[in-house]
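Chemist: Right, I'll just put the structure down here and ask away after.
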Amino acid sequence: MEARYEVLGVKGFVGDVEGQHYDSTTLRVKLPVSKTAGTEAGFDCKDVKFGKEAEFQKLKGLPFPVFADLDIELTTKGMECVGIKVIGPVNKA
């Protein structure tokens, strides 16, 4: 499912923690909070996995926050991004 999102930032990690190897990139995506609980309003930040740390190296120089078209898949591990097309910076008016 492809849609336009506001990406607030990105983080990457490659290394070992307690004998487990990790190699990942995580997008910080702005999403509206759920209205079903009735105890929140506005927006929050959701971490969305996006491939290996090499993706972080490609994105780290962007002028965050940016708008991007993200190709999102909903899996048993939650939201995962399988493609990104950066549109441009968010106007800070």
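The values are calculated or read from the model by the stated rules, or taken from the named source; none is laboratory data. All values reported here derive from a predicted model rather than from experimental measurement. Methodologically, a virtual Cβ is constructed for each residue, glycine included, from the backbone with ideal geometry; neighbour enumeration extends over all protein chains shown. Protein only, heavy atoms only, side chains kept; ligands, DNA and RNA dropped before computing areas. Shrake-Rupley method; radii C 1.70, N 1.55, O 1.52, S 1.80 Å.
Chemist: Of all residues in the range 34-53, how many are surrounded by 13 or more Cβ atoms within 10 Å (Cβ to Cβ) and assigned to a loop (DSSP other than H, G, I, E, B)?
Modeler: 3
Chemist: Now a separate question. Is at least one residue of the range 15-22 surrounded by 13 or more Cβ atoms within 10 Å (Cβ to Cβ) and charged (D, E, K, R)?
Modeler: Looking for residues that are surrounded by 13 or more Cβ atoms within 10 Å (Cβ to Cβ) and charged (D, E, K, R), one finds none in the range 15-22, hence no.
Chemist: If you don't mind, there's one more thing I want to ask. Could you list, in sequence order, the residues of the range 65-81 that are in a loop (DSSP other than H, G, I, E, B), in contact with a strand residue (DSSP E or B) (Cβ under 9 Å, 6 or more places away or on another chain) and open to solvent by 50 Å² or more (accessible area, probe 1.4 Å)?
Modeler: The answer is LYS77, and nothing else.
Chemist: Quick one: how many residues across the range 23-33 are of a type in the set (Lys, Arg) and surrounded by fewer than 13 Cβ atoms within 10 Å (Cβ to Cβ)?
Modeler: Residues in the range 23-33 being of a type in the set (Lys, Arg) and surrounded by fewer than 13 Cβ atoms within 10 Å (Cβ to Cβ): 0 in total.
Chemist: Identify the single condition in (1) touching a residue at least 60 places away in the same chain (Cβ under 8 Å); (2) in contact with a Pro (Cβ under 9 Å, 6 or more places away or on another chain) that LEU8 does not satisfy, given that it satisfies every other one.
Modeler: If we test LEU8 against (1) touching a residue at least 60 places away in the same chain (Cβ under 8 Å); (2) in contact with a Pro (Cβ under 9 Å, 6 or more places away or on another chain), just (1) comes out false.
Chemist: Going through the range 34-85 one residue at a time, which ones are of a type in the set (Val, Ile, Thr) and in contact (Cβ under 8 Å) with a residue 40 or more places away in the chain?
Modeler: Within the range 34-85, VAL66, ILE72, ILE84 meet the criteria.
Chemist: Take the conditions among the hydrophobic types (A, V, I, L, M, F, W, C) and open to solvent by 50 Å² or more (accessible area, probe 1.4 Å) and apply them to ILE87. Does it pass?
Modeler: Yes; evaluated as a whole, the condition is true for this residue.
Chemist: Out of curiosity, is GLU73 over 12 Å from VAL10 (Cα atoms) and over 11 Å from the mean Cα position of the chain (by Cα)?
Modeler: Spelling it out, GLU73 is indeed over 12 Å from VAL10 (Cα atoms) and over 11 Å from the mean Cα position of the chain (by Cα).
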